[in-house]
1. Between Leu191, Leu185, which is in a strand (DSSP E or B), in contact (Cβ under 8 Å) with a residue 60 or more places away in the chain, touching a Phe, Trp or Tyr at 6+ places or on another chain (Cβ under 8 Å) and not small (Gly, Ala, Ser)?
2. When the residues of region 154-169 are narrowed to those that are over 18 Å from Asn93 (Cα atoms), in a strand (DSSP E or B) and not charged (D, E, K, R), which ends up farthest from the chain's Cα centre (by Cα)?
3. So which residues in region 24-61 are of a type in the set (Asp, Glu) and either within 12 Å of the chain's Cα centre (by Cα) or outside any strand (DSSP E or B) (or both), if there are any at all?
4. Being in contact with a Lys or Arg (Cβ under 8 Å, 6 or more places away or on another chain) and part of a strand (DSSP E or B): is that true of Tyr74 here?
5. Please work out which residue is farthest from Gly186 (Cα to Cα), limiting yourself to region 108-127 and to residues that are touching an Asp or Glu at 6+ places or on another chain (Cβ under 9 Å) and polar (S, T, N, Q).
6. For region 63-91, what are the residues that are within 20 Å of Lys25 (Cα to Cα), surrounded by 18 or more Cβ atoms within 10 Å (Cβ to Cβ) and out of contact with any Cys (no Cβ under 8 Å at 6 or more places or on another chain)?
7. Give me a count of the residues in region 153-169 that are open to solvent by 70 Å² or more (accessible area, probe 1.4 Å) and over 15 Å from Leu40 (Cα atoms).
8. Give region 170-182 a look and list any residue that's open to solvent by 20 Å² or more (accessible area, probe 1.4 Å) and either touching a helix residue (DSSP H, G or I) at 6+ places or on another chain (Cβ under 9 Å) or assigned to a strand (DSSP E or B) (or both), or say none.
Amino acid sequence: MIKSISLLITAFALSCNVNAQHNVKSLSLQPKIGVGLSKLTNHYNSDFRTGLVVGFETEYQIKPKLGLSAGLLYSQQGAKYSLGDENHHYEYNYFNIPVLANFYVAKNLALKVGLQLGLKSSSKDYFESRGWETSRVNDNIRDVDVALPLGISYELGKFVADARYNFGLTEVRVRSQFSVFQFTLGYRFDLIKGKTL
């Protein structure tokens with residue numbers, strides 16, 4: 001299904017006869033901050049953990065309708081769930097490196113697809129039951145996570161609003177992958193102006 005969505009986005013983007021607002025061969029830097037909602041699939045019907053997303057992305061405009069971006073984002077991920085009187089809370093934090101193709105399908109509007117590498121910075125499990133609480137470092141969480149990001153962004157002046165879903169491809173716990181929604185607001189700085197075609 002994810003492969004079909006990716007192919008659909010690519011086909012739609014390539015078929016659109018519109019111009020992007022960025023000059024070809026331009027290079028930009030975009031600091032961004034926002035919120036992420038993450039959980040683990042197939043893990044006790046887990047609920048989303050809300051966390052911070054902060055970092056930056058750069059974009060190089062290859063063609064009028066196609067840009068290539070790469071970034072470094074600190075992302076607070078994890079999950080939470082309850083079993084009877086027991087409450088479990090996972091805090092797994094990552095430095096994510098997304099590499100995306102950005103297809104400009106209308107002025108200021110881009111569809112995004114790519115691949116993301118995640119490097120674990122910390123992992124803690126919290127447990128609470130009947131007023132008793134404990135926590136421990138969980139070394140059984142994989143140090144490296146790979147995800148497929150699918151997203152959309154809209155630019156208003158120099159501000160960029162981005163919504164993204166990261167589909168986890170790696171089992172970070174047994175039979176469980178990350179499922180992450182990400183919403184950020186960035187500000188675009190032009191480092192190289194490029195040229196107008």
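The values are calculated or read from the model by the stated rules, or taken from the named source; none is laboratory data. Because the structure is a prediction, the values reported are computed rather than measured. A quick note on method: Cβ atoms are made from the backbone with ideal geometry, for glycine too, and the neighbour counts reach across all protein chains shown. Keep in mind that these areas ignore ligands, DNA and RNA; they rest on the heavy atoms of the full protein, side chains included. Shrake-Rupley method; radii C 1.70, N 1.55, O 1.52, S 1.80 Å.
1. On the way: Leu191 fails: touching a Phe, Trp or Tyr at 6+ places or on another chain (Cβ under 8 Å).
Every option except Leu185 fails the conditions.
2. By that ranking, first place goes to Leu156.
3. Here is the first cut: in region 24-61, the ones of a type in the set (Asp, Glu) are 47, 57, 59.
Residue satisfying the conditions is Glu57 alone.
4. Values: in contact with a Lys or Arg (Cβ under 8 Å, 6 or more places away or on another chain): no; part of a strand (DSSP E or B): yes.
Here the answer is no, as Tyr74 does not meet what is asked.
5. Keep residues of region 108-127 that are touching an Asp or Glu at 6+ places or on another chain (Cβ under 9 Å), which gives 108-110, 112, 116-120, 122-127.
The next check asks that each one be polar (S, T, N, Q); those that pass are 108, 116, 122-123.
Working: Asn108: 14, Gln116: 19, Ser122: 25, Ser123: 27 Å.
If we take residues in region 108-127 being touching an Asp or Glu at 6+ places or on another chain (Cβ under 9 Å) and polar (S, T, N, Q), then Ser123 is farthest from Gly186 (Cα to Cα).
6. Of region 63-91, the ones within 20 Å of Lys25 (Cα to Cα) are 63-71.
Now restrict to residues that are surrounded by 18 or more Cβ atoms within 10 Å (Cβ to Cβ): 65, 67, 69, 71.
Gly67, Ser69, Gly71, listed by residue number.
7. Residues in region 153-169 being open to solvent by 70 Å² or more (accessible area, probe 1.4 Å) and over 15 Å from Leu40 (Cα atoms): 4 in total.
8. Initially, region 170-182 is screened for residues open to solvent by 20 Å² or more (accessible area, probe 1.4 Å), giving 170-171, 173-175, 177, 181.
Matches in region 170-182: Arg173, Phe181.
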